[in-house]
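The values are calculated or read from the model by the stated rules, or taken from the named source; none is laboratory data. Nothing here was measured: the structure is a model prediction, and the numbers come from that model. Here the Cβ positions follow ideal geometry from the backbone for every residue, glycine too, while neighbour counts run over all protein chains shown. Surface areas here come from the heavy atoms of the whole protein model, side chains and all, with no ligands, DNA or RNA. Shrake-Rupley method; radii C 1.70, N 1.55, O 1.52, S 1.80 Å.
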Amino acid sequence: MKFLPAKLERKFRRLKKHARSPLMRKLDVMHERARQKVFQQSCDEYKDQKESEFECRKRPTKMPGGSRETYLSDGTFHQAVGRVLLVAEFFAMMPVKGVTGKHPGDLSFSWRNVRTCFCLVFITSSVANFGLSLFKVLNNPISFNSIKPIIFRGSVLLVLIVALRLAQKWPALMMYWHEVEQGLPQYPSQLAKWQMGRTIRMVMLVGMMLSFAEHLLSIVSAINYAWYCNGTSDPIKNFFLLTNDEIFYVTSYSTTLALWGKFQNVYSTFIWNYMDMFVMIVSIGLAAKFRQLNNDLRNFKGMHMAPSYWSERRIQYRTICILCDKMDDAISLITMVSFSNNLYFICVQLLRSLNTMPSVAHAVYFYFSLIFLIGRTLAVSLYSASVHDESRVTLRYLRCVPKDSWCPEVKRFSEEVISDEVALSGMKFFHLTRKLVLSVAGTIVTYELVLIQFHEDNDLWDCKQSYYS
């Protein structure tokens, strides 16, 4: 009644209120009391939950096996990834000081550090090795299979340079990650803090063991190949001549150069496998932060919560999204190299599977390498997609908010979750979601069908063309 004066409008509303029947007024009062009671119960449950979390943090939790390392875990990504980066430093990657420290403030990068100098020396060595491989390939007929050494060593060299740049940004990234973790809901138990670190260590351990097994099989296969192609009377010399043929294509045999080539090959193989595991480890960390927030939302699923609760959770969700963007900007080139590399080598291996295997050792190594490569590619895709999956789980709990508790903060929160594309990417060319797995599989099938039309059966015992360089 906006056309009435203020006094008349108030009087009209008073008369309208009194005009309602006593039964309706009584029902309204009962409904309001019930709503306030439910809201008070939800607030009390939220308070009790916070008090129980505080008590859990104060009370020592008995861990399975009584592991001291498990008990001391603080649930931070910096602590979980410390030993993984320490192994990477041994192989001339991520020269950051303080990776095993208790706080990310201990991290630092310096060009005068021994780690950095070792990394620069190995990059120089990789440039020389890449140049030798490029010279050999350009001076011979170029084919889809012959450019494999260039792709392998070129990708390793690129990852080394990107990792060196990432090492400069790593202390600042870990400090921001730590700030995000401090603002998230607390873990309910010590066991929950330990989960992320255990998953990261298991991925690293399994990946390195399989990579080591693949390398041993390649050595056995190469020894068998060198025994057949015995260009000299010395079997060790035959082995190095065949496995480092890009070096001895331009110079005569030397034991020092042979050892340098083997050292370069071992380190390059580790780095080639490590770039996949590094993408998986970062994905595990980001997905764990989304899961930590979602577990808190699950505890209060369907309850009547105050708008301040939803505002706090929305801000926490936004900080994790910003963290995801920062990490994506830092590692997107590594992700791009990882997926393109895996795509190329799967096509090469599938094409070579059409050839007849010359020996049992060669067949065992070849099929183990192919299965490991496909499995590693699938693992990278699924672990990376888990970041996007966990970010979408939040919407499931927002849809369970009761009608009486729906407020602008919940609406704003749900709109952000729906509209945002939270996922790692490969230089923004593609986003790592579950749909990508089918896209990559379809691409491999398409490329294979094209390559099969131009395929010619090659003799894998051809001593003039080494398949181990």
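How far, in nm, would the chain grow between V220 and D234 when pulled straight, counting 0.36 nm per residue and subtracting the alpha carbon separation?
Computed gain between V220 and D234 is 3.4 nm.
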Response to the item:
In the structure shown, of K326/K428; K301/K403; K169/K326; K237/K262; K97/K193; K102/K193, the pairs separated by more than 18 angstrom at the C-alpha atoms are K97/K193
Item to complete: Please report, in whole Å, how far the alpha carbons of the stretch 236-377 spread along each principal axis, starting with the longest.
Response: 77, 34, 21
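Return the ratio Rg/(2.2 N^0.38 Å) for the stretch 362-423, where Rg is computed over Cα atoms only.
Relative to the 2.2 N^0.38 Å estimate, the stretch 362-423 comes out at 1.91.
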Worksheet item: What are the extents of the Cα atoms of the stretch 322-445 along their three principal axes, listed from largest to smallest and rounded to whole Å?
Response: 73, 28, 21
Response to the item:
At 20 °C and 1.002 mPa s, the Stokes-Einstein diffusion coefficient in µm²/s for the stretch 92-247, with hydrodynamic radius from the Kirkwood sum on alpha carbon pairs, is 109 µm²/s
Practice prompt. Could you provide, to the nearest whole Å², the per residue accessible area of the stretch 377-432 with probe 1.4 Å?
Written response: 49 Å²
Discussion item. Is there a quick way to get the dipole size of the stretch 249-408? I mean about its Cα centre, with the Cβ of Lys and Arg at +1 and of Asp and Glu at -1; what is the value in debye to the nearest 20?
Written reply: 400 debye
Practice prompt. Loop only per DSSP, at most 15 neighbouring Cβ atoms within 10 Å: give me the trypsin sites (Lys or Arg not before Pro) in the stretch 241-329, ordered by residue number.
Written response: K301
Discussion item. Per residue, how much accessible surface does the stretch 264-336 expose to a 1.4 Å probe? Answer in Å², no decimals.
Written reply: 26 Å²
Item to complete: Among the chymotrypsin sites (Phe, Trp or Tyr not before Pro) in the stretch 104-154, which ones are in a DSSP loop with at most 14 other Cβ atoms within 10 Å of the Cβ? Mind listing them?
Response: W111, F144
Response to the item:
For the stretch 184-291, the percent of accessible surface on carbon and sulfur atoms (probe 1.4 angstrom, ligands and nucleic acids excluded) is 69 percent
Fill in: Near-label residues of the stretch 187-215 by backbone N, under 19 Å of a point 7 Å along Cα→Cβ of L86
194-209
Worksheet item: Going from the alpha-carbon gyration tensor of the stretch 177-293, what semi-axes, largest first and in whole Å, does one get by taking the root of 5 times each eigenvalue?
Response: 46, 14, 9
Practice prompt. Answer with one residue from L217, P188, T124: the one whose Cα lies farthest towards the positive end of the charge dipole of the stretch 89-218, charges on Cβ with Lys, Arg +1 and Asp, Glu -1.
Written response: T124
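Taking the solvent-accessible surface of protein heavy atoms with a 1.4 Å probe, what is the per residue accessible area of the stretch 65-190 in Å²?
Value returned for the stretch 65-190: 48 Å² of accessible area per residue.
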Fill in: Rel. contact order, % - alpha carbon contacts under 8 angstrom, at least six apart, the stretch 336-435
34 percent
Item to complete: Compute the Rg/Rh shape ratio of the stretch 100-166: radius of gyration over Kirkwood radius, all on alpha-carbon atoms.
Response: 1.18
Worksheet item: How high is the FRET efficiency between S252 and K428 when r is their beta carbon distance and R₀ equals 56 Å, given to the nearest 0.05?
Response: 0.70
Worksheet, complete the sentence: At R0 = 56 Å the Cβ-Cβ FRET efficiency linking N140 and M175, nearest 0.05, sits at 0.65
